[in-house]
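Notes for the one structure printed next.
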Amino acid sequence: PVLGDKWWMIPLGLMALLATSGPYIYLFIQHKAEDRLMREQRRYHEILTQASRGMSRIRDLKKLLHLIVHILTKTVRIRCAAIYLFDRNENLFVLRSYRGKGISFPTEIIASSPLVKLLSEEKEPVLYDELKQQAQGSFDPVLPNALEQMAVLEANMIVPTFAEDNFLGFLVLGDKLSGRVYTPEDISVFSVLAGQSALAIENAQFYEEAQQMQVQIAQAEKMATIGTMA
């Protein structure tokens, strides 16, 4: 009634206002979402960094491996995770610890497999999506076969663990529950974690072997004593 036959100016003005402010509102919301993502990422990066520093104190190998897998799945919130360690006697990488409902990880992976060959050559984290792109434009048979093995493991990323040039094993990381991709910052943190894990695993293996040696020596001394008495 106030505007009379010019009532159409109100919706037109609102449309113009929304058209002008819309991009700014979108950028504001996007900035808030990115800021929240970065805060979450920094939080679990700090937790992983702190955890990596304390790993060397754990001498029980089984407990250490379970702790690594637990921290990865709970802190980063990924669907599944697993750790494979190299068995020198069998020349195999053996599944030593894992978490993930409905996931059937292979118990063993032979040392001559394409995936192990790729990890030993690259000596750095391998991402499924990146490997898929490389395999499409390459004539190297190792890449598609390694990609197939990653699919069997349901791995989004695999992080090898080295102690100097000694290939100890690798971490298998599944998809993030959020659906987000692994960032370069994630890869950097996981690489540091893998390095610290290698040192902790070596220490735990040495301690475990030392304990086994003590048991064997005690058993040998016991048998020698029995033989002397006889």
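The values are calculated or read from the model by the stated rules, or taken from the named source; none is laboratory data. The shown structure was predicted, so the numbers you read here are calculated from the model rather than taken from an experiment. Note that we place each Cβ from the backbone using ideal geometry, even for glycine, and neighbour counts take in every protein chain shown. In case anyone asks, the SASA skips ligands and DNA or RNA and just uses the protein heavy atoms, side chains included. Shrake-Rupley method; radii C 1.70, N 1.55, O 1.52, S 1.80 Å.
For segment 125-139, residues that are outside any strand (DSSP E or B) and in contact with a helix residue (DSSP H, G or I) (Cβ under 7 Å, 6 or more places away or on another chain) total 6. Inside segment 146-186, residues that are among the hydrophobic types (A, V, I, L, M, F, W, C) and farther than 20 Å from TYR98 by Cα make up a count of 4. The set of residues from segment 160-177 being surrounded by fewer than 20 Cβ atoms within 10 Å (Cβ to Cβ) and either at positive phi or among the small types (Gly, Ala, Ser) (or both) comprises ALA163, GLU164. Can you tell me how many residues within segment 104-148 are touching a Ser or Thr at 6+ places or on another chain (Cβ under 9 Å) and under 23 Å from ASP165 (Cβ atoms)? Counting residues in segment 104-148 that are touching a Ser or Thr at 6+ places or on another chain (Cβ under 9 Å) and under 23 Å from ASP165 (Cβ atoms) gives 4. From the residues in segment 66-113 that are out of contact with any strand residue (DSSP E or B) (no Cβ under 7 Å at 6 or more places or on another chain), closer than 19 Å to GLU148 by Cα and polar (S, T, N, Q), which one is least open to solvent (accessible area, probe 1.4 Å)? Per the criteria, the residue is SER113. Would you check which residues across segment 92-123 are touching a Cys at 6+ places or on another chain (Cβ under 9 Å) and aliphatic (A, V, I, L, M) and list them? If the condition is that a residue be touching a Cys at 6+ places or on another chain (Cβ under 9 Å) and aliphatic (A, V, I, L, M), then ILE103 is the only one that fits. Which residues, taken from segment 141-180, are farther than 13 Å from PHE93 by Cβ and assigned to a strand (DSSP E or B)? Answer for segment 141-180, where residues must be farther than 13 Å from PHE93 by Cβ and assigned to a strand (DSSP E or B): MET157, VAL159, PHE162, ALA163, ASN166, LEU173, LYS176.
Does ILE47 fit the bill of being in a helix (DSSP H, G or I), crowded, with 19+ Cβ neighbours inside 10 Å and modelled with pLDDT under 90?
It is false that ILE47 is in a helix (DSSP H, G or I), crowded, with 19+ Cβ neighbours inside 10 Å and modelled with pLDDT under 90.
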